[in-house]
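What follows draws every value from the coordinates through simple rules; no lab data is involved. What you are looking at is a predicted structure, and each value in this text was computed from that prediction instead of being measured. Methodologically, a virtual Cβ is constructed for each residue, glycine included, from the backbone with ideal geometry; neighbour enumeration extends over all protein chains shown.
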Amino acid sequence: MAAGSVLLPAIAGLTIRPGLTSDARMGENVFALLKTNFIATLESLTPRRAPARGGA
């Protein structure tokens, strides 16, 4: 899956980022963006279930 192939190196890059910049919030912002995109990708791949009928 392409999303997983992108996510792992991106997270690895985030682990070294604090040594490359003094902007501590940047890593947090990048992680939040990666998380949002990864969740959206997973949701797009997950089949939707029809709502239950008659309260069952």
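Run the numbers for Thr15 and Ala52: contour at 0.36 nm per residue of separation, minus the present Cα-Cα distance, in nm.
Extra length available between Thr15 and Ala52 comes to 8.9 nm.
If I model a spin label at Ser5 and Thr36 as a point 7 Å from the Cα along the Cα→Cβ vector, what separation in nanometres do I get?
2.5
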